[in-house]
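Novice: Just dropping this structure here.
The values are calculated or read from the model by the stated rules, or taken from the named source; none is laboratory data. Keep in mind that this is a model prediction, so the values were computed, not measured. FYI the Cβ positions are ideal-geometry reconstructions off the backbone, even for glycines, and counts take in every protein chain you see.
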Amino acid sequence: MLIQSPRNHNSQPTPARSAFTLMEVLLVLGILGIIMAMVVPRVLGRQKGAYEDVARASLSGLADALKLYALDHAGDFPTTAQGLQVLMRRPSGKDPSWKGPYLEKEPLDPWGSALTYRCPGTRNPELFDISSAGPDRIHGNQDDIGNWQK
């Protein structure tokens, strides 16, 4: 499509503009890059916090299942040796008090690692310790999430 200026017969017709210039495209990409640089770190920070919240909720749910087990067993929690498996499957031998399953599947933290259980606990000697290794998946360091934290 050509646009001609009215009553000016000496000049060449000017072509209609049908595309963006390289400068316009680069400017838009630069603006998008700046916006992404501001938004992405905030979103990733929220995701980390959300995973930690999910881990705490999982520990709370597991603690409730352990308390149900203890109600059926005269206040006794499973031993460390029995582990969390006793919440999912009837222990070998006869246990007339077992009214499970108390859990349907093995509890995992949001990072896909198994939760750890110790009874009696080292941090909660009167009850039990349950914990997640946290995002680094290594137990015993500062990013661990446990039922002793509030």
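Novice: Does any residue of region 114-127 turn out to be at negative phi, hydrophobic (A, V, I, L, M, F, W, C) and under 16 Å from the mean Cα position of the chain (by Cα)?
Specialist: The answer is yes, given that some residue of region 114-127 is at negative phi, hydrophobic (A, V, I, L, M, F, W, C) and under 16 Å from the mean Cα position of the chain (by Cα).
Novice: Here's a follow-up. Has region 75-85 got at least one residue that is more than 17 Å from Arg118 (Cβ to Cβ) and loosely packed, with under 10 Cβ neighbours inside 10 Å?
Specialist: Within region 75-85 (the criterion being more than 17 Å from Arg118 (Cβ to Cβ) and loosely packed, with under 10 Cβ neighbours inside 10 Å), the answer is yes, since at least one residue qualifies.
Novice: Answer yes or no as to whether Ala63 is within 30 Å of Trp98 (Cα to Cα), in contact with a Pro (Cβ under 9 Å, 6 or more places away or on another chain), at pLDDT 90 or above and of a type in the set (A, V, I, L, M, F, W, C).
Specialist: no
Results for (1) of a type in the set (Gly, Ala, Ser); (2) under 16 Å from Trp148 (Cβ atoms), shown as yes or no for each residue.
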{"site": "Arg42", "(1), (2)": "no, no"}
{"site": "Gly75", "(1), (2)": "yes, no"}
{"site": "Gln82", "(1), (2)": "no, no"}
{"site": "Met88", "(1), (2)": "no, no"}
{"site": "Gly112", "(1), (2)": "yes, no"}
{"site": "Pro125", "(1), (2)": "no, yes"}
{"site": "Gly134", "(1), (2)": "yes, yes"}
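Novice: Please find, within region 110-150, the residue that is surrounded by the most Cβ atoms within 10 Å (Cβ to Cβ) out of those that are farther than 21 Å from Thr79 by Cα and charged (D, E, K, R).
Specialist: Per the stated criteria, the residue is Asp144.
Novice: Is it fair to say Leu68 is over 16 Å from the mean Cα position of the chain (by Cα) and within 23 Å of Gln149 (Cβ to Cβ)?
Specialist: When the stated conditions are applied, Leu68 passes them.
Novice: How about region 116-138: which of its residues are touching an Asp or Glu at 6+ places or on another chain (Cβ under 6 Å) and either at pLDDT 90 or above or assigned to a strand (DSSP E or B) (or both)?
Specialist: Across region 116-138, the qualifying residues are Arg118, Ser131, Ser132.
For (1) in contact with a helix residue (DSSP H, G or I) (Cβ under 9 Å, 6 or more places away or on another chain); (2) modelled with pLDDT of 90 or more; (3) among the acidic types (Asp, Glu); (4) not in a loop (DSSP other than H, G, I, E, B), each residue gets a yes or a no:
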residue	(1), (2), (3), (4)
Gly45	no, no, no, yes
Glu52	no, no, yes, yes
Lys67	no, yes, no, yes
Pro78	yes, yes, no, no
Leu84	yes, yes, no, yes
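Novice: Same structure again: Of all residues being modelled with pLDDT under 85 and among the polar types (S, T, N, Q) in region 8-36, which is farthest from the chain's Cα centre (by Cα)? Just the residue, please.
Specialist: Per the criteria, the residue is Asn10.
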